1. For region 85-197, max minus min Cα coordinate along each principal axis, in Å, sorted largest first?
2. Counting only the heavy atoms of the protein chains, how much of Ser167 is accessible to a 1.4 Å probe, in Å² to the nearest 10?
3. Pick out which of Pro36, Pro78, Pro102 has the largest mean-square fluctuation in a Gaussian network model of the chain, springs linking Cα atoms closer than 10 Å.
4. May I ask you to give the solvent-accessible area per residue for the chain, in square angstrom, as obtained with a 1.4 angstrom probe?
5. With θ set to phi - 60° and the Karplus curve 6.51 cos²θ - 1.76 cosθ + 1.60, what are the ³J(HN,Hα) couplings of region 89-101 in order, to the nearest whole Hz, using x for Gly and Pro?
6. Counting other C-beta atoms within 10 Å, and keeping those with at most 13, which DSSP coil trypsin sites (Lys or Arg not before Pro) do you find in region 31-76?
7. Out of the total accessible area of the chain (probe 1.4 Å, heavy atoms of protein only), what percent is carbon and sulfur?
8. Using the Karplus equation 6.51 cos²θ - 1.76 cosθ + 1.60 (θ = phi - 60°), what ³J(HN,Hα) coupling, rounded to whole Hz, does each residue of region 53-67 give in order, writing x for Gly and Pro?
Amino acid sequence: MVQTIAIIGSSMIGESVARLAVAAGYNVIISNSRGPETLTGRADRLGPRVRAATSVDAIRGGDIIVAAVPFSAYEQLPADELAGEIVIDTTNYYPMRDGAHPEVQEAAITTSELVQRHLKDSKVVKALNNQDFMHLLLNAAPEADPERTTLPIAGDDAAAKEAIIESLSTLVFDALDIGPLAESWRSEPNTQLDVHRYVPDLPAGCMSNTSISRRTSAADSNRNL
């Protein structure tokens, strides 16, 4: 069992993962680009199993690393420090926030393949990206629960994926391997595995089914579900 989870980035996804990890008995190290002094309040709220550190110290102290940063910041992840590490990539691409990335928009490459390209000596696994921070907490359930949620994961390293499946099980989720990083787009925004699969049905007329069932970018025409 992994004993310490290190989280890079102070997003709400990162905080939800920290809460789940603490509840499951892990130690957690949280970090961001602004320094540990900006995270002491969060660490105090999350309890004695959580401490704030620099990103480098978090990486060195973690057994599995969670990259909870915006996609636009993935190149700021310290590749040298992350060499040899298993890295959970939670990033999603939102053009209005992250800017234009023609390779991604034209389906030439997935976001996680770009993260892996940057972290060339790490083992990147796409996971924990297809629910919002609230539903990561709301959908958590023990192993015996018949309503236990299954999350998709993708990666190019089989052993790394097995380690993440084991960790997610401890964090109260089942996991489904959807293939290599080239297939990780299947769990990204506006696909059938995105957030709305995990929330109650919306009231009639609230939102068009087609607006949430498939990605609407040009990339869709180049991919088969």
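The values are calculated or read from the model by the stated rules, or taken from the named source; none is laboratory data. As the structure is a computational prediction, the values presented were derived from the model and not from experiment. Methodologically, a virtual Cβ is constructed for each residue, glycine included, from the backbone with ideal geometry; neighbour enumeration extends over all protein chains shown. Note: areas computed on protein heavy atoms with side chains; ligands, DNA, RNA excluded. Shrake-Rupley method; radii C 1.70, N 1.55, O 1.52, S 1.80 Å.
1. 44, 30, 18
2. Its heavy atoms expose roughly 10 Å² to the probe.
3. Pro102
4. Numbers: 10750 Å² over 225 residues.
That works out to 48 Å² per residue.
5. 9, 9, 5, 10, 9, 10, x, 5, 8, 9, x, 7, 10
6. Numbers: sites: Arg34, Arg42, Arg45, Arg49, Arg51, Arg60; in loops: Arg34, Arg49.
Taking region 31-76 and a limit of 13 other Cβ atoms within 10 Å, the loop trypsin sites (Lys or Arg not before Pro) found are Arg34.
7. Details: 5540 of 10750 Å².
The C+S portion of the solvent-accessible surface of the chain is 52 percent.
8. The phi angles translate into 8, 5, 4, 5, 5, 5, 4, 5, x, x, 8, 10, 9, 10, 8 Hz.
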